Structure formats: structure tokens, C-alpha cells
Amino acid sequence: MTDNNHLTLPIRVYHEDMDDAGIVYYANYLKFMSRVRSEWLRSLGFDQAASMRDERVTFAVRSVTMDFLRPARLDDLLMVGATLQSFGRASLNFDQEVRLISGELLCRGYVRLACIDVDAFRPRKIPSDFIAKLT
């Protein structure tokens, strides 16, 4: 499901995602969430590789808050969502969730991305053509 401020993707849990206890290793939820944000950017026409190469701009995680409620296990089909809550001159703020396909909430998080200059690694205004797609 997608619209201008929300995207949900299915992600299967594989053996490589698990820890020794047989559940998804906590850091992998961040990878799942990152994948959805990347696809959200792509769905709005933001070509990350071209932007880094041509405009020297990208998005980097500035902060993350996570709540882990229930574990995911091998072969679970997850629905991972990203919803843009707000944006500023140089930031994007997302609410994110990881649910089982049945709808049970496993994990939720808040992620703040900073738009940065690739060379200086300093904050930079989000390109105006991308802002236009958000409004």
C-alpha cells in the first residue's frame, strides 16, 4: 500500500535475520524499516544514487526510538510500514511499524532523517523538487 506519505512492504523473516534465541535480532528491525523508507523515497521519484552522484545530497538517520513488543520468528511474513509524520527544511520524520501479516503489532519506532551534503556530511535543505512532491 502506498500514498504520498505512507508505504507498507511485505518482508519475510529468513534464518539470517535471527539470533541464537530463534527470534529476529533487534537490529534487523532497523534494516527492515530502512528498506521501507528507501522504497518510499523511490515511490516519490527520489533516485538516491542519482541524488548522491549529481546533487551531492542524501538522507541519513539522525535519531531512532524503538519499542519492541513481540518477537518475529523464522518464516513469519511481516508488513513493515513507514508513515511520514512531518518534515522540515532539512529533515523527514517517520512513524514506523512492523506487524505480522495477521495485523499483530511487533515493533514500532520513530525515525528522524536528516538531509545531508554528501561531501561535507552537514545538514542541507531538502531539494525543492522533492519538497513539492510532499505537499
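The values are calculated or read from the model by the stated rules, or taken from the named source; none is laboratory data. What you see is a predicted model; the values in this text were computed from it and never measured. Note: ideal-geometry Cβ built from the backbone for every residue, glycine included; neighbour counts use all protein chains shown. Side chains are part of the model used for accessible areas, which takes the heavy atoms of the whole protein and leaves out ligands, DNA and RNA. Shrake-Rupley method; radii C 1.70, N 1.55, O 1.52, S 1.80 Å.
Would you calculate, for the chain, the mean residue ellipticity at 222 nm contributed by helices, counting each DSSP H stretch of 4 or more residues as -39,500 (n - 2.57) and dividing by all residues, to the nearest 500?
Numbers: 2 runs with 25 residues, N = 135.
Computed mean residue ellipticity for the chain: -6000 deg cm²/dmol.
If you count, for each residue, the other Cβ atoms within 10 Å and average over each peptide, how do 67-74, 20-27 line up from highest to lowest?
Details: 67-74: 14.6, 20-27: 13.0.
Packing order, densest peptide first, comes out as 67-74, 20-27.
Does a label point 7 Å from the Cα of residue 26, set along Cα-to-beta-carbon, have any residues of the range 68-104 with amide nitrogen under 17 Å, and which are they?
68-73, 98
Have a look at 120, 74, 13 and report the one farthest towards the positive end of the charge dipole of the range 4-135, computed about the Cα centre with Cβ charges (Lys/Arg +1, Asp/Glu -1).
120
I'd like the orientation of helix 26-43 relative to the chain: the angle between its Cα long axis and the longest Cα principal axis, in ° from 0 to 90, rounded to 10.
The helix 26-43 is inclined about 40 degrees to the chain.
Which net charge results when you count Lys and Arg as +1 and Asp and Glu as -1 among the other residues whose beta-carbon is under 14 Å from that of residue 128?
Details: positive: 89, 124, 125, 133; negative: 55, 129.
Residues near residue 128 contribute +2 overall.
So what is the accessible area of the chain per residue, in Å², with the probe set to 1.4 Å? Kindly include the intermediate steps, with their values, before the conclusion.
On the way: 7720 Å² over 135 residues.
Per residue, the chain has an accessible area of 57 Å².
For the range 24-135, count the residues as N, evaluate 2.2 N^0.38 Å, and divide the Cα radius of gyration by that value, please. Display every interim value, and only then the final one.
Numbers: Rg = 15.0 Å, N = 112, 2.2 N^0.38 = 13.2 Å.
Relative to the 2.2 N^0.38 Å estimate, the range 24-135 comes out at 1.14.
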